[in-house]
1. Could you state, as a whole-number percent, how many of the C-alpha pairs of the protein assembly as shown are farther apart than 52 Å?
2. Using Cβ contacts closer than 10 Å as the measure, can you line up A:V358, A:V430 from fewest to most?
3. Counting only other residues whose beta carbon sits under 15 Å from that of A:S89, what net charge do I get with K and R as +1, D and E as -1?
4. Once the dipole of the protein assembly as shown is set up with Lys and Arg at +1 and Asp and Glu at -1 on Cβ about the Cα centre, which of A:A534, A:Y503, B:H66 lies farthest towards its positive end?
5. Restricting to Cα atoms and excluding each atom paired with itself, what does the Kirkwood estimate give for region B:101-259 in Å?
6. Using the number of other C-beta atoms within 10 angstrom as an exposure proxy, rank A:Y51, B:Y215 with the fewest first.
7. Compute the normalised compactness of region A:302-343: alpha-carbon radius of gyration over 2.2 N^0.38 Å, N being the residue count.
8. Helix A:142-152 against the longest principal axis of chain A: what's the angle in degrees, Cα atoms only, rounded to the nearest 10?
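Values in this text are rule-based calculations from the coordinates and carry no lab data. Since this is a predicted model, take the numbers as computed values, not measurements. We place every Cβ from the backbone using ideal geometry, glycine too, and count neighbours over all the protein chains shown.
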Amino acid sequence: MDLFLWKIGGEAGFGIMTTGLSFGKVAIRSGYHVFDYNEYPSLIRGGHNTYEVMISSQEVYAQKQDIDLLVCLNKDTYTHHKHRLTDKSIVVYDADEFTIEETGFVKLHIPFASMKKEHHVMQIMVNTIALGASLALLSGDIAIFYEIIEKEFKRKGEEVIAFNKKLTDLGFNYIKEHYSEHIKPVLTRKQEKSKMILTGNDAFSLAAVVADCRFYAAYPMTPSSTVLTSLAGWQDKSKMVVRHAEDEIAVMNTVLGASFAGVRSATGTSGGGFALMVEGISFAGVAEISVVVFLSQRPGPATGMPTWTEQGDLLFAVNAGHGEFPKIVLAPGDIHEMFELTLKAFDLADIYQMPVIVMSDKFLSESHKSVNKEDISNLFANYHPNRGKLVNAPGEGKYLRYKITDDGISERLLPGAPGAFYQVNSYEHVEDGHTTEEAAPRIEQVDKRSRKWQTYLDSHFKAPRVYGDIETADAVFVSWGGNKGPIIEAQKMLDAQGKKTAYIHFTHIYPMNTSIVKDILSKDKRYILIENNAHGQFGKLLTMETGIMIKESLLKYDGRPIYKEEIVAKVNT
Amino acid sequence: MATQKDFSGYTGTWCPGCGDWGIGVAIKSAFVQMGMDPSSVGVVFDIGCSGNMNDVLNAYAIHGLHGRSVPTAVGMKLAHHKMPVVVIGGDGGLYGEGGNHFLHASRGNHDITLIAHDNSVYGLTTGQVAPDAQKGYKSKSTPQGMIEVSLNPLALALTQGASFVAQGFAGDVTALIELIKKAIHHKGFSLVNVLQPCVTFNKVNTYQYYMQRIYTLDHSYDRTNYKLALEKTQEFNEEKYPIGILYQSDRPAYHEQIAHLPQDSSLRERPAFRDFGLLIDDFV
């Protein structure tokens, strides 16, 4: 069984998220690849939480519809997911608590409630019993989970560790004694390269540290908040200064002040907070201040659906800021790309002295994926920041912060350097930074800033990567961001059905090299635009930039990510 | 040693008789007397008549967004705390548009100096009311008189944790120079609220108006007494304006309380962190 989906659900506040991640860690330590996806309401207690983990011996990029093992810690888990069960599915539940009338799948009763009573444990610890049971059913090595317990509860002492191990055994042994005939070889331990398991937010955070970002300010907003909390938590080690400021307006301007003073600086937010930062992005544009903005989207408008996913802010990001000025928008499609593009974003911000926006969404930001540890360690070891035309001392003659140059980029002098001074100015300005309202220098400065875009397109723009062969493909997908995972998984399914497909994956979203993009989109093919929004925003951007309209589209905007099965169904219509 | 001339950029564009002329001279004099030069000081200018000092005063400077000079200065300070950072702005930007930042920067006791031009009007947009004008003040945007009570910047700064709260008068440059020097010298958030007549748009709070109502806090005044300072800030309701340092404490500045920030160098100057293995281990 090469793609196995384990899913657990229960009441919010009862530790479902922690349990799900622990399960994922057991899987990677057993030698498997994982991809996980979680759902939770915008509540701390009382709602319904779920966590699903895909397990595979190959790299895996998305979840699937069919659930292979469903662990129900309450009746809602069953009710909400019974439509995803097949005749091969196993459902673990407590028959003393609720009954399941339907048949057609395997039902395994575990008396969670009476175990809880007998051993005097809190509801949150029932998860540990359920995890023990899951490991037994999937031939998992309980010693691996013991290691995780030891690491997690190190500070709480031996007694807590021993108690958690005992609870694990309880579930594990119950399966061995009662349901040995249902045990499947899913997590059988094997020797593989060491892996890491992390979310898009984790990858952005780690890459920010590696990029030598020294200042991060933010105001909490789902689904970007874990960047703030991770970076804040690492401060003792990384020595980054992390500031939770009064609002996103303060955040943006504080970051710009720090960047002006010479340290790499970044912020992160979601759509609503980004809206408050937009005046600052315009300021960074005209004043030519380097800044990286991490924008993790959730369904809007306004407060929208805070804990769900959508790609509804693409055109907003592309057009963010009043007036005309250059900026760069990048969109990673998976964890590895999040590492690479975040590192690149910090370089681009410094090289081009402009705002660089790194787009994510709840699906990419909060889903864990496994990656080879060695690949990431190598990526980090080989990275060295490129700070562009940043200089420590003024050269000959009067220093001109906004000197007119062929590539549009001027030398940037570190404030404090003796023998010089300058202002960065939110007003239009002349070469030395002084305010102007004259026509000629206005045109010169607008043109200078715009030239930075051409320099970027010539030097750092990367054409979309194509997965599959466009020439032989029956259908060609066009998409961006976290849809990459479900699309790649759908391609595998279609391939098995004998259907050839190709996927054009955009990461360097804006600006784009129109001739390259035009060429790739002008074949006589069935192009299908796939986006996690209602208006097909990337399609509109492509039309705006190239004049090409993609007629067919799969657009999903119910707050849920796109499932590979939906893509397959679209191709087969 | 730098001179006033070294700090002088373009000639100002303020109206004849505007308080900005005097405040501008006071700031440059304070910088010179403190032994600073344009390469050693950071200045963040807000937007407004006062912010237009950007082309007049030479420094490593940011002329940023209206109302956002305080958070911009906070970032500049945190990145390179060795450099003194001064904010020059008006009552519209600092107390109106940027009011939230003002109270949070007071709480944080960030080591920046605010020189607030308090003229009760928005001069650059031709005379609309500012939040610290008196209740009932008639302006183009409040033809029937301002309905709200006045914002009290001194009380606001004091109650939110600012460790240096002072008031000066644009008509007394000599005293203002001393106040600005002490404010910059102070480690922590320092406010110098400068009473400044707007000769073009404010016909109420004139030079004469202030001359009759200001008085200097003398040596007998105990500026470490918080309750006394709080009382002083309330005299504003009786149109009495104390000049001098109302309050000063030695509460540590924000950056001094960041345990992992090297105090003898700066965030910018510290060596890069490269021990990534320490963080990778969280994800296995």
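1. 26
2. A:V430, A:V358
3. In short, +2.
4. Final value for the positive-end residue is A:Y503.
5. 16.1
6. Lowest count first: B:Y215, A:Y51.
7. Rounded to two decimals, the normalised Rg is 1.45.
8. The helix A:142-152 is inclined about 50 degrees to chain A.
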